[in-house]
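A quick write-up on the structure given underneath.
The values are calculated or read from the model by the stated rules, or taken from the named source; none is laboratory data. None of the values given here were measured: they were computed from a predicted structure. Positions of Cβ are generated from backbone atoms using ideal geometry, with glycine treated the same way; all protein chains shown enter the neighbour counts. Keep in mind that these areas ignore ligands, DNA and RNA; they rest on the heavy atoms of the full protein, side chains included. Shrake-Rupley method; radii C 1.70, N 1.55, O 1.52, S 1.80 Å.
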Amino acid sequence: MNFAESFRQNFIEEDRWRYLTDGLKTTLIITFFAVIIGMVLGFLVAIIRSTYLRTKRLLIPDILCRIYLTVIRGTPVVVQLLIIYFVIFASVPISKTFVAIIAFGINSGAYVAEIVRGGIMAVDVGQLEAGRSLGLNYRQTMVSIIMPQALKTVLPALANEAIVLLKETSVAGYIAIADITKGGDIIRSQTFSAFMPLIAVALIYLIMVVLLTRLVNLLERRLASNDKR
Amino acid sequence: MISVKNLTKDFGDRKVLKGITEEIQKGEKVVIIGPSGSGKSTFLRCLNLMETPTSGEIYFDGKEITKLHDKEINLIRRRMGMVFQHFNLFPHLTIKKNITLAPVKLGIMTQEEADKKAAELLKRVGLPDKADDYPASLSGGQKQRIAIARTLAMNPEVILFDEPTSALDPEMVGEVLNLMKQLADEGMTMVVVTHEMGFAKEVASRVMFMADGVVMEQNSPDKFFSNPESPRLKEFLSRVL
Ligand SMILES: Nc1ncnc2c1ncn2[C@@H]1O[C@H](COP(=O)(O)OP(=O)(O)O)[C@@H](O)[C@H]1O
Ligand SMILES: [Mg+2]
């Protein structure tokens, strides 16, 4: 079977390309919302942790955050996905995509938290002291002085985390979600040819990752040139 | 104006301040000298409650401030400026924003009023054309003058200086000291930790020698430098003068 024939069989016949485009849509939806949940959760955890580290307040929330970080970063994301789907939401009739968004969001939040915490702690303590000595309260100092500086340093790392998450969602098929990876696999099981669909899937990921990485690099350079003012 | 009674501060097992009792009157310029590690910064930082005293009381305008809640402490800090060794300007904000941030955020001034005030202050510290620059573009001496302007924007009743010239190249020390002298002449109450003995002699109404967490000796500047009593101070002065 030549290339053109194989291409036709894997993608054109019976509109099999739809497995890829529908899958891509699912992948992007999961990634997009998981990134949002991850950012919200991650910032929350990072702020709690750095507040505890800098002021010794919020001990109990800090302990909860540390447990969360240890568990999430100490177990594979697939296992987390399976537990959330088959254990936590076992008896709840709920959309699988929703479950995946929750699972990947919770997972990503742990990594975002550590990135953001690093950024906050990297801001000189003198900044907090200067803010507080002027009479600003802790929250005002965080919002107006610490976070803008921290955010600038962690933005590229956060964008990279989002890119990593895009690839990580490829295990969504474990709970029978038809994401793009699963889509390629379905084609393979129908046509009994592995090369075409799987390479296509890999290429689509690669193109997205390369493009997004470019964007991040651009962003990084913009931020760096801002620094020199 | 500030009254300190039996102030102590421990960091863990380490007793850093071992019982300080002091009065600082309105308009006074108190200069604190002493070897590194003797607790000068800690003392200063206790005055505006950046450090929480372990025991003892601090009164500001007759009111005890050591047992206040956070909200009230924030109000006290508005009235006590602090100038740091490393300036601690906000690098992500323009000079003007550095100066106006606190008064505007705290609702003391509108942005317009604060901008006007910033322009006045920049003139006063001799940097009228720097409003829209970022701190990174300034020299150390300029940064410290902006930090002083930032503090002045809050109209403080007293300013605490913690080694304001120690991080500066020698040729920039003068411009900062001159500004501080100017403030002193205008009647600002000042508590200054410094190694600049010339400044102490010229500007101080009182010089304190801190060692091992206590105020070991204090006097008017002329007596302090010409007639030191304790051996520790004699030895210290012989090294720094
Ligand atoms: N936050 C802190 N935690 C623990 N030890 C501290 C802290 N701040 C100061 N110290 C200790 O207290 C002592 C006095 O410090 P400091 O007040 O900074 O002295 P000085 O300003 O006179 O050099 C030093 O031994 C220092 O190590
Ligand atoms: Mg010090």
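For (1) modelled with pLDDT of 95 or more; (2) among the charged types (D, E, K, R), each residue gets a yes or a no:
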site	(1), (2)
A:V92	no, no
A:N107	yes, no
A:D124	yes, yes
A:A130	yes, no
A:L155	no, no
A:T169	yes, no
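Right, B:A147: within 14 Å of chain A (Cβ to nearest Cβ) and either charged (D, E, K, R) or assigned to a helix (DSSP H, G or I) (or both) or not?
yes
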(message) Could you check segment B:155-201 and list, in sequence order, the residues that are away from ligand 2 (no atom under 16 Å from the Cβ), within 14 Å of chain A (Cβ to nearest Cβ) and open to solvent by 20 Å² or more (accessible area, probe 1.4 Å)?
(response) B:N155, B:E157
(request) List every residue pair whose Cβ atoms sit under 6 Å apart, with the two residues 6 or more apart in sequence or on different chains, where the first one lies in segment B:1-23 and is within 11 Å of B:E57 (Cβ to Cβ) and the second, anywhere, is acidic (D, E) and open to solvent by 40 Å² or more (accessible area, probe 1.4 Å). (result) B:S3/B:E23; B:K5/B:E57
(message) B:H86 - would you say it is more than 20 Å from A:Q140 (Cα to Cα), assigned to a loop (DSSP other than H, G, I, E, B), at the interface with chain A (Cβ under 8 Å from one of its Cβ atoms) and open to solvent by 10 Å² or more (accessible area, probe 1.4 Å)?
(response) yes
(message) Show me the strands (runs of 3 or more DSSP E) entirely contained within segment B:1-55 in which 3 or more residues are out of contact with any helix residue (DSSP H, G or I) (no Cβ under 8 Å at 6 or more places or on another chain) and either away from ligand 2 (no atom under 12 Å from the Cβ) or open to solvent by 20 Å² or more (accessible area, probe 1.4 Å) (or both).
(response) B:2-11, B:14-24
(request) Identify all residues within segment A:177-193 that are touching a Lys or Arg at 6+ places or on another chain (Cβ under 8 Å) and open to solvent by 50 Å² or more (accessible area, probe 1.4 Å); write none if there are none. (result) A:Q190
(message) Which numbered condition in (1) free of Cβ contacts under 8 Å to residues at least 24 places away in the same chain; (2) within 14 Å of chain A (Cβ to nearest Cβ) is the only one that B:R45 fails?
(response) (1)
(message) So B:P53 passes all but one of these: (1) within 13 Å of chain A (Cβ to nearest Cβ); (2) within 16 Å of ligand 1 (Cβ to nearest atom); (3) in contact with a Ser or Thr (Cβ under 7 Å, 6 or more places away or on another chain). Which condition number does it fail?
(response) (1)
(request) Out of the residues in segment A:146-176 that are open to solvent by 20 Å² or more (accessible area, probe 1.4 Å) and of a type in the set (V, I, T), state the one that is nearest to the other protein chains (Cβ to nearest Cβ). (result) A:T153
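Condition first: more than 11 Å from every other protein chain (Cβ to nearest Cβ) and among the charged types (D, E, K, R). Now tell me which residues in segment A:110-145 satisfy that.
A:E114, A:R117
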(request) Go over the candidates A:I199, A:I186, A:I180 one by one and state the one that is under 19 Å from the mean Cα position of the chain (by Cα), of a type in the set (A, V, I, L, M, F, W, C) and away from every other protein chain (no Cβ under 14 Å). (result) A:I180
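Given the criteria within 12 Å of ligand 1 (Cβ to nearest atom) and either away from chain A (no Cβ under 14 Å) or in a helix (DSSP H, G or I) (or both), does B:R77 qualify? Walk me through it before giving the result.
Numbers: within 12 Å of ligand 1 (Cβ to nearest atom): no; either away from chain A (no Cβ under 14 Å) or in a helix (DSSP H, G or I) (or both): yes.
No.
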